[in-house]
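Every read-out reported here was derived from the displayed coordinates using simple, explicitly stated rules and does not represent laboratory data. Quick caveat: nothing in here was measured; it's all calculated off a predicted structure. With ideal geometry, Cβ positions are generated from the backbone for all residues, glycine too; neighbour counts draw on all protein chains shown.
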Amino acid sequence: MSTVTEAAAPLLAMRGIDKSFPGVRALEAVDLTVHAGEVVALVGENGAGKSTLIKILAGAQPMDGGEILVGGQPARIAAPADAMELGIRVIYQEFNLVPQLTVMENIYLGREPTRAGMVDFHAMEEGCSGLLERIGADARPRDVVGRLSVAQQQLVEIAKALSQDARILVLDEPSATLTDRELDRLFALIRDLRQQGVGMVYISHRLEEIFEIADTVTVLRDGHHVITAPTSELSRDDIIRHMVGRELQDHIPSTVAHAADEALRVEGLTRSGAFESVSLTVREGEIVALAGLVGSGRTEVARAIFGADPVDSGRILVGGEEAQIASPRDAISRGIGLATEDRKGQGLVLGMGVAANITLADLRAITRGGFLSRGAEVGAADRYVDQLQIRTPSLTQLVRLLSGGNQQKVVLAKWLFTDCRVLILDEPTRGIDVGAKTEIYHLMNELCDRGKAILMISSELPEVLGVAHRIYVMREGHMEGELDREDATQERIMHLATGGAAE
Amino acid sequence: MTTPEPQSAEDRDTAARRRGELLSRFALAGTLAFLCLLFAITTRDHVFIKSANLINVASQSAINTMIAVGMTLVIVTAGIDLSVGSIVGLVAVFSAGVMVQGLDFTVGAYRVQLLPELPGLGGVAIGLAAGLLVGALAGLVNALAIVRFKVTPFIATLAMMLIARGAAHLYSVSPVRNVPDAFVWLGQGRLAQVPIPVYVAIGVVIVGWLILAKTPFGRHVYAVGGNEEAARLSGIPVGRTKLWVYVASGLCSGIAGMVLAAQLEAGDPKLGQTYELDAIAAAVLGGTSLMGGRGTILGTVLGALIIGVLDNGLTMLHVSSFAQMVIKGLVILGAVILDQKRQNA
């Protein structure tokens, strides 16, 4: 398999990859190298650029600059088909399988073996059995994919990739939904593939896995390549430091706590399968951060407090009074607001104007005698456009046409217009350029001065450390710890969030 | 701000959108004017443009306009109502029946008289009320299936299309005749030369426009259709909003059914077949998006008028009814393609 030239030239070399989105520099001169039979762990905080880099490799997104070499040859990847042609396969967290079809039909989808113009199921089954055996999957060729466990489906995805002669396999957070046993088997498969000369990129937040399986670690941070080194030369702390190790940016304003009455208290909140026995408090004039890895249950807790999802048990108290919250409507009437992480999908009605979005959660305030008052609406919207410096050509501008930062300000304006006392912000600065970020931090401080209670979910540690008075850290659905701002460091948060031994 | 916003690009977008919006509104009115002009020139003695005929066009468009107003509310929530034509038939026969013979049920050998037949205006009033109630109830059943049992609007209203049509025929095999004169006035009467159905349609349009454009409920309708999850997370009662649009659509169809029965002096259970298609066509021609979140009552009125003018003018030119169908189909196709082009631009 390995000839001299292949040994000399890496299987995959991405060099100087640049990528910008409107208002955000996603990748800047990023390198990624994978040799045949090598497992490269690609790590970085959320938003570091891992996904973008992989999407470029898979042909799902065009790059702005840089070059990709496959087996030493310049490769042009303009579409997913190009990547496939080159033997590049990405196993995403969301599988690309048709649940209603059988394992073998999925594996041979679009290139079914035929005999006399008809699908040759016999040949299909034979080829498929061989493949499944090779990767040690329990699934049988005629099993319906939708009835298989997630782990089995993942193996089917890998089998499908191998059947298409994958030379470069990217596994995006493959362990997120696996049990320990299933993970062991996945690792055995990865080692096996390594023997066979397949180059692999392994993306994971769990550092212990990286030490177990990866030969090399590549760290990205803020769209930059930080370091690539053999796993054996790095310690857990090294990796964490490289991931988060930027200076605390001076654009994050400092805040002063106005410790006061409790605005929100959550006791033993449980939603089975999502989070268990979560308790927290937020006082008036306080910014509290909820830190943790993606998938640790932070967003689910926020949605539960807001009544967007049902809970199994637990109490929620607003201003010291127990609140029965069964819907967002209840939550809003209790003075809670939630700015969701997914602005476009959940926060805004993109096809409506700026003013209509700002007033959406409290239309009563602009209703006069049963009818909407245009004057009241314009007045309110004008005030918030001014106060939050929302850059929009007009109040009727469709929010779809605003930049990410201005869209986020519209979401915030919507909740400020409801005059809520507790504001939950889920990743408030995700995908927003630096300037708008600073404005949002200033706004949060201002709200805090006015006595609002803010619960902020953030995956950006500098943001957590720079903005919050108190920090809760969640891991796998449990509240792992609480840190005061003075005691908190990026390393301590990361240790709690990743379940590190050092505590 | 440290980085300058791409303000100019946004400005350009807005300007383009403004132009596009104006253009489409203008295009709609322009198409209507063009068709009128075309028929005015081509019909013998320019009879199309004579006031008597224009009143005719308005009268012929009235029924479809009433139904299309309710349909617009439904489509803006990203729904659809296929049952409107059947509700027209059911309400037509039922309200006429109540006026003529009161309301009674025969169970085995027993005849239960719920309402006696009342003479004169009283009977008409009770018949109208019964018609409105049945229309609203049919809409409510649609809404329950959609909101409570999560049936897709297409299927739920398809089922109601069958149920209401069947119920209409079960209620009366043949058309109910000998309806009171006061009822006939609703369909055939005139005020200042203009037929009463035109006034009814104008009334429905004004109420529909006020609701959609001027009330919090109307804003809820747009928000639910534009982004249901965002609407829910903004505290909007999504289920209740949908419920009321289907009830409104049933009411609009009920009104249309009674006006139609009055026009024909008979409550015929066969009335209203394929009316759902004209109503959807009017809404879509008027710029209502089947994806939800977009549409206006004014646009729908223009859409209904375009269909009415086409029907009337082509008939005057002795175009066969089959050729008319082809032409109407092409006009709808063309209008929607143009509209989508504008949306994507």
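General observations
- Three-way shape call for the range B:46-344 based on the alpha-carbon gyration tensor, with the a/c threshold at 1.5: oblate
- When the Cα positions of A:442, A:372, A:455 are compared along the charge dipole of chain A, A:372 comes out farthest toward the positive end, with charges on each C-beta of Lys, Arg, Asp and Glu.
- Farthest positive-ward along the protein assembly as shown dipole, Cα basis, beta-carbon charges - from A:289, B:116, A:146: B:116
- Restricting the trypsin sites (Lys or Arg not before Pro) of the range B:107-212 to loop positions (DSSP other than H, G, I, E, B) with no more than 10 neighbouring Cβ atoms within 10 Å leaves B:150.
- Prolate/oblate/rounded call for the protein assembly as shown, Cα gyration tensor, a/c under 1.5 rounded: prolate
- Summary of the geometry: the range A:140-166 and the range B:276-297, compared by the centres of their Cα atoms, lie 44 Å apart.
- Taking the Cα centre of the protein assembly as shown as origin and assigning +1 to Lys and Arg Cβ atoms and -1 to Asp and Glu Cβ atoms, the resulting dipole is close to 3660 debye.
- Mean separation of Cα contacts under 8 Å (6+ apart) over length of the range A:262-498, as relative contact order %: 29
- Peptide A:348-361 is shielded by partner chain Cβ atoms: per residue, an average of 5 of them sit within 10 Å of its Cβ.
- Sequentially through the range B:180-191, phi angles give Karplus couplings (6.51, -1.76, 1.60; θ = phi - 60°) of x, 4, 4, 6, 4, 4, 4, x, 10, x, 9, 10 Hz, Gly and Pro residues having no value and appearing as x.
- Value of relative contact order over chain A, rounded to a whole percent, pairs C-alpha under 8 Å and six or more apart: 15
- Estimated from helical segments only, the mean residue ellipticity of the protein assembly as shown at 222 nm is -15500 deg cm²/dmol, where each DSSP H run of four or more residues counts as -39500 (n - 2.57).
- The 3J(HN,Hα) values that the Karplus relation (6.51, -1.76, 1.60; θ = phi - 60°) gives for the range A:397-405 are, in residue order, 4, 5, 5, 3, 8, 8, 6, x, x Hz. Gly and Pro appear as x.
- The Cα-based radius of gyration and maximum Cα-Cα distance (Dmax) for the range A:262-498 are 17.4, 57 Å.
- Where both bridge residues fall in the protein assembly as shown, DSSP classifies roughly 60% of the beta bridges as antiparallel.
- Candidates per GluC sites (Glu not before Pro) in the range A:446-494, loop by DSSP, up to 13 other Cβ within 10 Å: A:486
- Gyration tensor verdict on the range A:270-352 (Cα atoms; rounded if a/c is under 1.5, prolate if a/b is larger than b/c, oblate otherwise): rounded
- Summarising the amide proton neighbourhood of residue A:372: residues at separation of 5 or more, or on other chains, whose placed amide H is nearer than 5 Å comprise B:215.
- Among the listed pairs A:19/A:437; A:409/B:341; A:452/B:150, those beyond 32 Å (Cα-Cα): A:452/B:150
- Taking amide hydrogens as placed 1.01 Å from N in the peptide plane, the amide H of residue A:221 sits under 5 Å from those of A:226, each at least 5 positions away in sequence or on another chain.
- Sorted on the mean count of surrounding Cβ atoms within 10 Å across their residues, most packed first, peptides B:68-75, A:35-42 read B:68-75, A:35-42.
- Assuming charge only on the beta carbon of Lys and Arg (+1) and of Asp and Glu (-1), the dipole of the range A:262-498 about its Cα centre is about 940 debye to the nearest 20.
- Computed over the range A:94-166, relative contact order equals 42 percent, with contacts defined as Cα pairs under 8 Å that lie 6+ residues apart.
- Separation of alpha-carbon centers, the range B:113-152 and the range B:22-61, rounded to whole Å: 36
- Counting only Cβ charges, +1 for Lys and Arg and -1 for Asp and Glu, the dipole size of chain B around its Cα centre is about 320 debye.
- Dipole of the protein assembly as shown, positive end: most advanced residue of A:128, B:34, B:151 [Cβ charges, Cα centre]: B:34
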